[in-house]
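Each remark here refers to the structure printed beneath this line.
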Amino acid sequence: MRQCLAGLVILGTISGLSPAAFAQGEVGKVAGPPDNRPFNPRDLSGVWWGHLYGYSLTDPPMTPEGRKIYDSYKPAYGVALGSPEAAASKEPMGRRRAIASALTTDPTFHCNPLGLIRLLFYAPAPLEIIQTSDRMLQNFEWTWDHREVWMDGRKLPDVDDYIPRYNGYSTGHWEGNTLVVETVGLDDRQWVDHFGYPLSSKAHVEERYKRANYSLLELTVTLTDPTIYTKPWVSDVQTFRLVKQQNLAKAWPALAEDRCVPADENDFFRHIEEPAGGVK
Amino acid sequence: MKPSGLLIKILFLSVLLLLLSIPGLAHHGTAISYDMSKKLTLKAVVTEFKYANPHPSIFFDYTNDKGEVEHWVSEMLTNVSFLMRAGWTKKRSEEALKPGTTVVLTVYRSKAGGLSGVVTKIETEAGEQIVAGSPADRDAIIDKEK
């Protein structure tokens, strides 16, 4: 299941800026105007809309095993594989090898979950943060997914005692006013982002959230996965802007229930994508 | 004063034009499955419109130069959540694009050929210029300091 970026509410953000503008050094341009309203830096609750689509504009160095898995993934997002545009592009390699969606191996195209990092770097839809006494909860509009971060001081579990999960097992703590979240136990079928970068079940993900002002939340992720990447891979800075709840929708003043419904997905695949891809 | 049906249709199609006119980052079915170098402008009759995920789709009949009726399938470059947030609920959208409605579509055919495409623009039958205007951005819904 996938969304298109050509949404009315994000048109200017996406259309006016090239992917290069989303690089770390350009964060200020997408962070929005200054906001001097008082805020509690440890209050991250609200509906937030991120600007980044994809994890990083830097190519991570991979192990031979990681590269083999990466090569086997066939994304449907990015610049077309083998096209002149792909040859001329300065985009990371993962963003220059897209094939027709009818032929992709992207697991989400049949309603498999996006996975943790992919959910966090998904510009077309917002997420919601709710803080309770012992957890931080995140609800993701696209695919109607959720995850929880335990804030009660517990250690990360021994994941060999559990089956791996798409959103993993997370604990969090504050370092000053930065929320640091650690996650292990990720199902290795998920992709890091839409461009088919892999991760393994041994991955360790660190998220660092900082509320920079009343309406701006910044996130940096570090993926440490030595079987796939030869060194920790740090994301670009995702900037979330706070959404006015009443602006979300007249009928739904919160996240839309945008589930991935296999019946709808299969119908679309059969009637639209297969003809488009020349698949009979 | 209640807006007239025609006004509603114009507003809807204006919104659709806004939604579809922005290239954005690569979309799964756009630059990949479709030949974006050959723009087709087809005056067609809607046979079915699906307001659904992952993308709305329009099925339409186009009568070609030989007088043959071609039965097309197409996807639209938007999402129902975006339409809904722009005020175009399921009911309003289905009314504006109900079967039998004549529209002028900007379509890019699939690279595989055939009667399959992606629709990037919709215009009224009267051929009215629907001005795209300035695209709204995320700022429209962001909670900003006044």
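When the scattering of the stretch A:141-280 is computed by the Debye formula from its Cα atoms alone, each counted once and equally, what is log10 I(q)/I(0) at q = 0.12, 0.21 Å⁻¹? Treating every Cα as an identical point scatterer, log10 I(q)/I(0) equals -0.69, -1.33.
When each of A:T105, A:T132 is scored by the number of other beta-carbon atoms lying within 10 Å, the sequence from fewest to most is A:T132, A:T105.
Report the FRET efficiency, 1/(1 + (r/R0)^6), for A:D188 and A:D59, where r is their Cβ-Cβ distance and R0 is 22 Å, rounded to 0.05.
0.60
Holding the Cα-Cα limit at 19 Å, pick out from A:K210/A:K231; A:K68/A:K90; A:K244/B:K50; B:K39/B:K91; A:K68/A:K231; A:K244/B:K144 the pairs that are longer than that. Beyond 19 Å between Cα atoms: A:K210/A:K231; A:K68/A:K90; A:K244/B:K50; B:K39/B:K91. Highest GNM mean-square fluctuation, chain A, Cα pairs closer than 10 Å: which of A:D134, A:D161, A:D71? Maximum among the listed residues: A:D161.
Sticking with the crude label model, points 7 Å out along Cα→Cβ, report the distance from A:T105 to A:R259 in nm, one decimal please. It works out to 3.0 nm between the two label points. Comparing A:K74, A:K202, A:K155 in a Gaussian network model of chain A, where Cα atoms under 10 Å apart are tied by springs, the biggest mean-square fluctuation is seen for A:K155.
From the gyration tensor of the Cα coordinates in the stretch A:84-213, what semi-axes in whole Å does the equivalent ellipsoid have, largest first, with each one equal to sqrt(5λ)? Mind showing how you got there, number by number?
Numbers: eigenvalues 168, 62, 41 Å².
Those come to 29, 18, 14 Å.
The Rg/Rh ratio for the stretch B:26-127, using Cα coordinates for both the radius of gyration and the Kirkwood hydrodynamic radius, is 0.95. Ordering A:H204, B:H71, A:H194 by the number of other Cβ atoms within 10 Å of each residue's own Cβ, fewest first, gives B:H71, A:H204, A:H194.
Size of chain A: Rg and Dmax of its alpha carbons, in Å, are 18.6, 59. Listed by Cβ neighbour count within 10 Å, with the fewest neighbours leading, A:R208, A:R118, A:R154 appear as A:R154, A:R208, A:R118. Remark: the stretch B:26-127 carries a charge dipole of roughly 340 debye about the Cα centre, counting +1 on each Lys and Arg Cβ and -1 on each Asp and Glu Cβ.
In the elastic network of chain A, a GNM with C-alpha springs shorter than 10 Å, the most mobile of A:N36, A:N112, A:N177 is A:N36.
Once the piece of chain linking A:V279 and A:R42 is laid out straight, how much longer is it, given 0.36 nm per residue of separation minus the C-alpha distance between them?
On the way: separation 237, 0.36 × 237 = 85.32 nm, distance 5.14 nm.
Extra length from A:V279 to A:R42 when fully extended: 80.2 nm.
Read-outs: derived from the displayed coordinates by stated rules, not from any lab. All values reported here derive from a predicted model rather than from experimental measurement. Every residue, glycine among them, receives a Cβ derived from its backbone with ideal geometry; neighbour counts consider all protein chains shown.
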